[in-house]
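Single-structure report; data block below.
Coordinate-derived values only; no laboratory data. All of these numbers come straight from a predicted model, not from anything done at the bench.
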């Protein structure tokens, strides 16, 4: 029996469930797991065809959009054309099962007003009977599993439907465990305050990018920044305000680098670092200036409830000193990738201190003359 699985981008989207479950899909071959579920379901309840359909979690929380069920895994005549295709939750027995959240048995679809014949027309099939069960996690429906045309006898019975409900439960458990696994995996990489990568992930990623750049003759650049006068915020307004400023800086960085492949990390305290693979020092310096100008011109804590979250409108205090270094211009390519990565960090860190000592609120380029430093207004 051949199981047809949706492509990886589709599965990733369908399993990218953050709002309800606090995590995203675990990076295992979920397509293979869903295929195994259908294989075992068919062994215990032999059927000519079967499918697992999942909703789109992004559309699910948008009330302006009608929910869609996507074929994530399926088998049977013509089913190769189905994976990744959508079916409105208003359509057919699968849609009815999803909407009501209850198992459904149709022993003769010709007499069933809920039956949706368009799939048969498209695939050239002939559906006689269907059983369908909802897939539910934590009280929330995420999809359905269905079997079509019982082999060995004319119709499905209640025992068949009970078995299918068990497989729906297995499917829900697998996806739920995947979500939990991914949540803890992400927590090991992320800084919990800013949601940027942490210093450990940053360094491992940099070593990987340095090794890759050396093999292909490319470049890697680092932007290292430290906030100026950040201690004044903590001393004057307290550590809650300071933490909110750090998070706001992270959000500024995310906005500046949106749509790029840059890896953003909180290095520690009020220090941040950006790794730009395939970027030379000039490109990195241009982004560094955007960071400097963005932070210098930002009004921090301009929104809030005034009680739990302070509304302080801090402007003209927080700036940053930025150091920029690149593999091709700032370090000697000697030693292991780890050694070179450490040298690159030291070069960017040293450039940052040069900017700090030269008056703050400026960008300094590693290994270049002081005249290449940039300051607001120059």
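Where is the GNM fluctuation largest for the chain (alpha-carbon springs, 10 angstrom cutoff): 258, 133, 296?
Greatest mean-square fluctuation among the candidates belongs to 258.
Out of every Cα pair in the range 191-288, what percent are spaced more than 25 Å from each other?
Value for the range 191-288: 22 percent of Cα pairs lie more than 25 Å apart.
Calculated from DSSP H runs of 4 or more alone, at -39500 (n - 2.57) each and per residue, what is the 222 nm mean residue ellipticity of the chain, nearest 500?
Mean residue ellipticity at 222 nm (helix-derived): -13000 deg cm²/dmol.
In the set (1) 1.23; (2) 1.00; (3) 1.32, which value of Cα Rg over 2.2 N^0.38 Å was calculated from the structure you see?
(3)
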